[in-house]
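Data first, discussion second: the structure below is written as structure tokens.
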Amino acid sequence: MTLHVCVLGTDGSGKSTITATLPCILAAEMSLRAGSAGDMFQIVDSDEDHLAPKFHPDGFPITGHKARWFKRLAKLTVNNRRLYPFFKLTQMALQDSTARKLGRRYAADIIVSDGNTLLSAMGRAVNYSNPEGGAGDVNTGGLDSADLKVIFEYLLDGKPVPRESEGKLCWLGKAKTVQRMARILGLDAAWLPDVVVFLDLSPEVAMERIASRGKRIDRHENRDDLAQVRSMYLKTVEAFAQYRSPKAAYIRGVDKTTPGETLQAIVDMLGPRVSSRQSNERPKKIPLGTTDVKLTGSAIWGKLLSYRYLVKYLIINWFRGTWREPTFLFSGLGRLFRREGYSAGTMRAIYDRDSKRYGLGDRIFLEYPLHRAVYDRLHILTRNIEPELEKRLQTGREVRIFTAPCGFAYDLFLPLEAIASRTPQAMKQVRLMAADLDPHGHIGEEVTERARRLGIRFEFLRGDIMEAAMHSKLEQAAPYDIVLFVGLSGWLPKPQTILHLKWAHRNVREDGIFVSDCFTPEFYALSGRYVGYKANYYAPDVYRALLDYCGFDGLGAH
């Protein structure tokens, strides 16, 4: 049975980022199947993602699409005190419905939601109780947690309203009517999660964070409204604790905490509740960027001629670049890809695309949107790494660098060679540690020779960077000025990703830099899923929060 967790908070509290990041951490730390419902809907396992924005290989509930539509309508009417509550509450009801459907469809252990229809309505209603005016009394109309508990008992259990609360809750009859109408439409607008987390942020800090976004400030984003909402949310959470259980409600002050600290506190709080759901299974170990699914002979034809590949993917995305994929069966680079996956050899062909003349089939392969993005990423990296290297070399001290998986280390050798052409003597200051599984045995000799020609101090380690013995060897050269973790976040299972990020934080200099990347799912992610690849996808904000959880300054990452 799915455990449903609701995250509440005023604007600026970080609830959207926390909601989206928490499933990744729970999947990694506790081997759970976890999901989120909010700005994004997702379902993740420890070794792969099953559902993410633009990535619905097994379908997506229509209520999820409707929730997105109503979210856009709510944003368009955010400054209208009459229309906004209707669109927002409808969006929340659709979001709640989607969260419950996803929990059942994917047999998720835990679903984290950004808000809840009933709890959010109770917290926010005070801002809209007087459509003609502004914010009212911060005392929220005299309602206390006992009155709010009555709302739960009336709407959820059918208990009559006590006489002492009738005057304050005279509108409950209308709320019951709305509840019945929602049920007729297939929505449960009066439903409570199993656990509530409230991110408690003072109005002053909230306004500072809202202003720092550099975006237009909405009508309800003012100190008085935020104070009202905070006060009402605190009472609502207290009422929820009285109604459900004190252990089911958690209040976390976030005025002076980082997202990483907040995530750690929530994980610690949820730990006893979800530890019994942990799986003892571990991801099957295969070379990263590859699949153990057979992609040759009749097996590949069976996948390509399936309904979901041909109709639900290939035809629908034809003009976005999927027409290129069938040609991979006949081109030289396509055969290399089917044989080795995204190995160092395949990546080298993509990086060296300008170094030789290719035939038509190979050119089609190289211009595939994902391969073009990988090529562009290399040039973005080299443009940013070169000045950083040069700045550190100018200090005259030894500059220590670690990269894994290194592949053929184009992202380092290209900027180092550019610097060497101007100041060759600086290469004596460089100490480079590189590690890779090198499953095909092509990397070690080549990168060692390239390093020798540059004149840098170099060591190549072949093996799994997650092994304790490998860590021990790498720590002998620590701390590092620059640590690179590029091209692996999408392939590495989440537990190992978090393990490596934490290790990197411990072994980078205080003034050092950590270079990493993340991929969001585009249309071609479906193709990879359909043929058997497992992948993990991170939105930039989620990956920053993940870095923060692992000890880095995630908010300062760029």
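The values are calculated or read from the model by the stated rules, or taken from the named source; none is laboratory data. Keep in mind that what you see is a predicted model, and the values were worked out from it rather than measured. Counting neighbours? That spans all protein chains shown, and the Cβs are built from the backbone with ideal geometry, glycine included. The accessibility values were calculated without ligands, DNA or RNA, using every heavy atom of the protein model including side chains. Shrake-Rupley method; radii C 1.70, N 1.55, O 1.52, S 1.80 Å.
Figures for the structure shown
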quantity: Separation of alpha-carbon centers, the stretch 382-456 and the stretch 146-202, rounded to whole Å; calculated: 62 Å
quantity: Loop sites in the stretch 313-388: chymotrypsin sites (Phe, Trp or Tyr not before Pro), DSSP, at most 14 other Cβ within 10 Å; calculated: PHE330
quantity: DSSP bridge orientation in the chain - percent antiparallel, rounded to nearest 5; calculated: 15 percent
quantity: Residue-level accessible surface for MET466, protein heavy atoms, 1.4 Å, Å²; calculated: 30 Å²
quantity: Carbon and sulfur %, accessible surface of the stretch 381-476 computed with the full protein complex present, 1.4 Å; calculated: 47 percent
quantity: Percent of Cα-Cα distances greater than 16 Å, calculated over the stretch 194-248; calculated: 50 percent
quantity: In Å², nearest 10: area of ARG392 left accessible to a 1.4 Å probe; calculated: 20 Å²
quantity: Candidates per chymotrypsin sites (Phe, Trp or Tyr not before Pro) in the stretch 169-205, loop by DSSP, up to 10 other Cβ within 10 Å; calculated: TRP171
quantity: The stretch 1-47: Cα Rg divided by the 2.2 N^0.38 Å rule of thumb; calculated: 1.14
quantity: On Cα atoms only, tilt of 83-105 relative to the major axis of the chain in degrees; calculated: 60 degrees
quantity: Proximal lysines to LYS256, defined as alpha-carbon separation beneath 23 angstrom and excluding residues fewer than eight positions away on the same chain; calculated: LYS15, LYS215, LYS235, LYS502
quantity: Loop sites in the stretch 333-388: trypsin sites (Lys or Arg not before Pro), DSSP, at most 10 other Cβ within 10 Å; calculated: LYS356, ARG357
quantity: Angle in degrees between helix 540-549 and the longest Cα principal axis of the chain, rounded to the nearest 10; calculated: 90 degrees
quantity: Å² of accessible area per residue within the chain, as computed with a 1.4 Å probe and no ligands counted; calculated: 46 Å²
quantity: Proximal aspartates and glutamates relative to LYS159, as straight alpha-carbon distance under 17 Å, when same-chain residues fewer than 8 apart are discounted; calculated: ASP147
quantity: All aspartates and glutamates inside 12 Å of LYS149 as judged from Cα atoms, apart from same-chain residues fewer than 8 positions distant; calculated: ASP157, GLU238
quantity: Calculated Rg and Dmax of the Cα atoms in Å (choose from [x] 32.4, 112; [y] 25.0, 76; [z] 26.7, 88), label; calculated: [z]
quantity: Heavy-atom accessible surface of the stretch 142-199: percent carbon and sulfur, 1.4 Å; calculated: 57 percent
quantity: Value of Rg to Rh for the stretch 354-426 (Rh from inverse mean 1/r over Cα pairs, i.e. Kirkwood); calculated: 1.09
quantity: Surface share of carbon and sulfur [accessible, 1.4 angstrom probe, percent] for the stretch 496-558; calculated: 52 percent
quantity: Kirkwood hydrodynamic radius of the stretch 336-472, from inverse mean 1/r over distinct Cα pairs, in Å; calculated: 16.2 Å
quantity: Cα centroid of the stretch 1-62 to Cα centroid of the stretch 494-522, whole Å; calculated: 21 Å
quantity: 0 to 90° range, to nearest 10: angle between helix 15-30 axis and the chain longest Cα axis; calculated: 60 degrees
